[in-house]
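First up is the structure itself, then whatever we jot down about it.
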C-alpha cells in the first residue's frame, strides 16, 4: 500500500481559526494531501530550511503575519535557488489591487482572496490542487492571477 501523500502543502497563516478551516476544507477535498502549517513567516522559512528538499507541491501564504509577512517570505522564496520554483499561492483577506499587483510582480503564482464560506473555500483549494504545476510554471497574466470566490 502506498502511504505517500499525493501532494504536500505548506500553509503560512497566523490566524488559528483560518488554519483549522483550511485543514477541514482540505480533508474534504483530498484525504491524501499532507498539510504542514506555520504560524508566521519566520516559522515558514525555518521549516523550509529544515525540510526542503523535497519541496512542497504548493505554498499557501497569508500576507498579514507577524515577524515576517507574506511579502517578505515571497521575496526570500523567490531569491533562494532551491525554492524559487515552488508554486506560491497568496491566500489573504485583502483584495487591494496594489497588493495583488505587488505580489504578482514578486513572482507569486496566484492570489486567492480568502472565501467567506466553507463551500467556497473547498472550491478554492480544489482548484489549486487540480493544477498540474509542471505544465504551469508560467506566471499567469494579471487578469488570470486574482481569484475571488
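List of remarks:
- Being out of contact with any helix residue (DSSP H, G or I) (no Cβ under 8 Å at 6 or more places or on another chain) and surrounded by fewer than 18 Cβ atoms within 10 Å (Cβ to Cβ) is a property that residue 24 lacks.
- When residue 57 is tested against the conditions (1) over 14 Å from the mean Cα position of the chain (by Cα); (2) modelled with pLDDT under 95, the lone failure is (1).
- Index of the failed condition, residue 48 passing every other in (1) farther than 24 Å from residue 16 by Cβ; (2) surrounded by 15 or more Cβ atoms within 10 Å (Cβ to Cβ): (1)
- The listed residue being under 21 Å from residue 134 (Cβ atoms), at pLDDT 95 or above and either surrounded by fewer than 17 Cβ atoms within 10 Å (Cβ to Cβ) or out of contact with any helix residue (DSSP H, G or I) (no Cβ under 7 Å at 6 or more places or on another chain) (or both), out of 80, 36: 80
- Some residue of segment 56-64 being over 23 Å from residue 95 (Cβ atoms) and surrounded by 14 or more Cβ atoms within 10 Å (Cβ to Cβ): yes
The values are calculated or read from the model by the stated rules, or taken from the named source; none is laboratory data. Quick caveat: nothing in here was measured; it's all calculated off a predicted structure. Cβ sites come from the backbone with ideal geometry, for glycine too, and all protein chains shown count toward neighbours.
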